[in-house]
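Have a look at this one before I ask anything.
The values are calculated or read from the model by the stated rules, or taken from the named source; none is laboratory data. None of the values given here were measured: they were computed from a predicted structure. FYI the Cβ positions are ideal-geometry reconstructions off the backbone, even for glycines, and counts take in every protein chain you see. The area values use the complete protein model at the heavy-atom level, side chains included, leaving out ligands, DNA and RNA. Shrake-Rupley method; radii C 1.70, N 1.55, O 1.52, S 1.80 Å.
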Amino acid sequence: GRAVQTVFLTTLDTKDLKVSKVTANGQAAKFTLGAKHSFMGTPLEITLPFDLSRGQHVIVEVTYETAPSASALQWLTPEQTAGKKHPYLFSQCQATHCRSMVPCQDTPAMKHTYYAQVSVPKELVAVMSALRDGEEPDPQDSSRIIYRFRQPVPMPCYLIAIVVGALESREIGPRSRVWSEKEFVDKAAYEFSETETMLKTAEGLAGPYVWGQYDILVLPPSFPYGGMENPCLTFATPTLLAGDRSLSSVIAHEISHSWTGNLVTNKTWEHFWLNEGHTVYLERMIGRSMESEQFRQFKAMGGWKDLQESVNTFGANNPLTNLVPNLNEVDLDEAFSSVPYEKGFSLLYHLEELMGGPEVFMGFVKSYIQLFSYSSITTEEWKHYLFTYFKNKVGILNKVDWNAWMYTPGMPPVKPQYDSTMADACIALCKRWVKTKEGDLGNFSEVDVKTLSTHQLIEFLSLLLQEVDTPHSPPPQPCEEDAGSSKWEDAVPMALKMATEQGRMKFTRPLFKEVYNFDKYHEEAVRVFIVHRAAMHPVTANLVAKDLKVDTDKST
């Protein structure tokens, strides 16, 4: 027969990257870029210039530059920072934006260590989702400094992260520093002072913390999320410093990801609930240890309300509300919601009740983390282990309607009976307020609110806002968004100001949507968005454009 010519190819994901050269072990390699997909980018196919033998190491070097529009990166001008003097760069790779920053196998199924050297102007500081490994003057340019990083724990590439800016840091614990511009750094150090206690609590529940350092970076206001669990360096929104109720919950959540998500990872984004449901479960177990079981119940009730709202937004028949959705040809940014978080938590809480309570079920979660550490897994593997671990209770597990939980849209098939003690106190105070006539306000004193925790106080105010909402308004939204839903015209400029002064999507999208749905201010919402669009984070701008039905072509 004829000799078969084997061609050794490797394919990497890229998005809007300009590739100029590829070498393999120093030799020039042929490369081609495939067809461009609307949101997944362009495959980079590299042909190796030599045959491979089993076990042979190949170093592939790709010379490239990113596009100004790279979806993973936001380049801020000095005016967009707190210090107003220097530019600022930050990345956000989850779910599939890493390919716009680095040619990579952009899937959570693959894990790798990484090393990096970053050259920046010497007034600036670079940090990454890795251990800091020294710095030195740039031998090629005396006005620059090189920062070195290493991440020895294998991780998926959506956790690669970089920030460059006029950063300062403060020590907040034996393995933790807080990083931000100097304007925020002392306030941040104060706000995040409980970090080590939370880390120790998490270790008690889930096993040793393997990432060495746990730092927190407070980003500029345009960061699109509340937090991001980048290893060694959690990213946090500055809205947390503005007395946001979720400060301790967000940090407990990101700390929990060090086990569920970063150590045990969803193999594909369909199984995102494995990351988020377990992380919410662990976050609330930390809350239980540090506060009380009633506090955990209160947070769980709030989570159920958030889930109800997501289901209402998507529609109860929308397959994106499945715990395990089909994401074929779905832009993951558009699919993002509280469903994997709160439907995932509800399932785990339901199983906890069936299997014998929090201590028993946490034993399973810890064992699951140990077994699947350093790997990426699917729902089937998780479920198989659940049945193995609780082999004496298989009869009970078989009665669970798995199909309804996993593959059916809408609310879960079972609503847990959460303890409402803490929530009832908020409802009772709200009822008293609503019933009181103007002249009788003397019946209220500081004592009424002194007994409520901050979390309860926010819930009380949220309930109060729903009560005073005008009758013709749409269904009440949670408190952050009420400036829009109350249809108070004076609130329109405030709503748009808040929507543009910070870019946390949890606030920005509903605020724009509410003003847009207010017929009289429909055009104003669009006008304000178009004015601010260029300064917004690329993912946020893209989603708000879709919400407001503005042409989403990037060139406009």
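For a quick protection proxy, order the peptides 53-59, 456-462, 133-139 by their average other-Cβ count within 10 Å, most packed first.
Top of the packing list down: 456-462, 133-139, 53-59.
Beyond 41 Å, what percent of the Cα pairs of the chain remain?
25 percent
Output wanted: per-residue J couplings in Hz (rounded whole) for the stretch 159-165, from phi through Karplus 6.51 cos²θ - 1.76 cosθ + 1.60, θ = phi - 60°, x for Gly and Pro.
In residue order, the calculated couplings are 9, 6, 8, 9, 9, 10, x Hz.
Also, I was wondering about something else. Where a Cα-Cα gap under 22 Å defines reach, which lysines qualify for Lys391, not counting those fewer than 8 residues away within the same chain?
Lys366, Lys383, Lys399
Please calculate how many Å² of accessible area the stretch 268-421 carries per residue, with a 1.4 Å probe and no DNA, RNA or ligand atoms counted.
42 Å²
Same structure, new question: Give me the angle, in degrees from 0 to 90, between the Cα long axis of helix 522-532 and the longest principal axis of the Cα atoms of the chain, rounded to the nearest 10.
Between helix and principal axis, roughly 40 degrees.
If you don't mind, another one. Give me the one-decimal nm value for the distance between modelled label points at Ser453 and Glu65, 7 Å along each residue's Cα-to-Cβ direction.
In this crude spin-label approximation the distance works out to 5.2 nm.
In the chain, with Lys and Arg counted as +1 and Asp and Glu as -1 at Cβ, which of these residues, Gly173, Pro152, Tyr349, has the Cα nearest the positive end of the dipole, that is, farthest along it?
The Cα lying farthest towards the positive end belongs to Pro152.
Quick one: pull the percentage of alpha-carbon pairs in the stretch 323-450 with a separation above 18 Å.
Cα-Cα pairs in the stretch 323-450 separated by more than 18 Å: 68 percent.
Ordering Lys399, Lys84 from largest to smallest accessible area (1.4 angstrom probe), what's the sequence?
Details: Lys399 175, Lys84 125 Å².
So, going from the largest accessible area down, we get Lys399, Lys84.
Follow-up. Leaving out ligands, DNA and RNA, what percent of the accessible area of the stretch 56-130 is carbon and sulfur, probe 1.4 Å?
Working: 1970 of 3420 Å².
About 57 percent, which is the carbon plus sulfur part of the accessible surface.
Hey, rough spin-label estimate for Gln105 and Ser38, points 7 angstrom out along Cα→Cβ, what's it come to in nanometres?
2.9 nm
Moving on. Given a cut-off of under 8 Å on Cα pairs at least six residues apart, what relative contact order in percent is computed for the chain?
This gives 11 percent for the chain.
For the chain, take the longest principal axis of its alpha carbons; what is the angle in degrees between that and the long axis of helix 505-517, to the nearest 10 within 0 to 90?
The two axes meet at around 60 degrees.
While we're looking at this one, here's another question. Let me know the charge dipole size of the stretch 489-548 about its Cα centre in debye, to the nearest 20, where only the beta-carbon of Lys, Arg (+1) and Asp, Glu (-1) is charged.
Roughly 340 debye, rounded to the nearest 20.
I would also like to ask the following. May I ask you to list the lysines whose Cα is less than 28 Å away from that of Lys450, ignoring any residue fewer than eight positions away on the same chain?
List returned: Lys187, Lys299, Lys305, Lys431, Lys435, Lys437.
Specify the angular offset, from 0 to 90 degrees and rounded to the nearest 10, of the alpha carbon long axis of helix 358-372 from the longest principal axis of the alpha carbons in the chain.
10 degrees
A further question follows. When each pair of different Cα atoms in the stretch 70-258 is counted once in the 1/r mean, what is the Kirkwood radius in angstroms, to one decimal?
16.9 Å
Roughly how big is the chain's charge dipole about its Cα centre, with Cβ charges of +1 (Lys, Arg) and -1 (Asp, Glu), in debye to the nearest 20?
1180 debye
Calculate, in nm to one decimal, what Thr268 and Met301 gain on full extension: separation in residues at 0.36 nm each, minus their alpha carbon distance. Mind showing how you got there, number by number?
Working: separation 33, 0.36 × 33 = 11.88 nm, distance 2.88 nm.
Once the chain is fully extended between Thr268 and Met301, it gains 9.0 nm.
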